[in-house]
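In what follows, a single structure is set out as structure tokens and then discussed.
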Amino acid sequence: MILRAMGMKIGRKVYDCSRSITERTLTEVGDYANLNEGCVLQAHSLEEGVFKSDYIRLGSGCSIGPGAFVHYGVCMGDHVVLDADSF
């Protein structure tokens, strides 16, 4: 409920134990998703002096492993699993 109030599009019954979701207005999470311990969803980057940002979209039933890092521009389909400590 708090994430929705902050402008994030988030589905029903989402398990959120993530450490960081930087831009909530650029992040969409589907129903029944699983954001494990210490995962980071970062929708921006500063590369070679240029600020870049894009949407992050996670489908229904997605699972982000512990310590995984999701960068800007990622679009994951339904029921996709990102392993622990992955980028």
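The values are calculated or read from the model by the stated rules, or taken from the named source; none is laboratory data. What you see is a predicted model; the values in this text were computed from it and never measured. Ideal geometry is used to build each Cβ from the backbone, glycine not excepted, and the neighbour counts take in all protein chains shown. What goes into the accessible areas is simple: the full protein's heavy atoms, side chains included, and nothing from ligands, DNA or RNA. Shrake-Rupley method; radii C 1.70, N 1.55, O 1.52, S 1.80 Å.
Annotations for the structure displayed:
- Computed over protein heavy atoms with a 1.4 angstrom probe, the accessible surface ordering of 62, 17, largest first, is 17, 62.
- The chain - mean residue ellipticity at 222 nm from DSSP helices (-39,500 (n - 2.57) per run, n ≥ 4, rounded to 500): -500 deg cm²/dmol
- Averaging the sequence gap over all C-alpha pairs within less than 8 Å and six or more residues apart, then dividing by the number of residues, gives segment 47-87 a relative contact order of 43 percent.
- With all protein chains kept in place, the per residue accessible area of the chain amounts to 59 square angstrom at a probe of 1.4 angstrom.
- Relative contact order of segment 11-66, defined on C-alpha pairs under 8 angstrom at six or more residues apart (%): 40 percent
- Placing unit charges on the Cβ atoms only, positive for Lys and Arg and negative for Asp and Glu, gives the chain a dipole magnitude near 380 debye about its Cα centre.
- Where GluC sites (Glu not before Pro) fall in DSSP loop in segment 1-59, at most 14 other Cβ within 10 Å: 37, 48
- Ratio Rg/Rh [Cα only; Rh per Kirkwood] for the chain: 0.95
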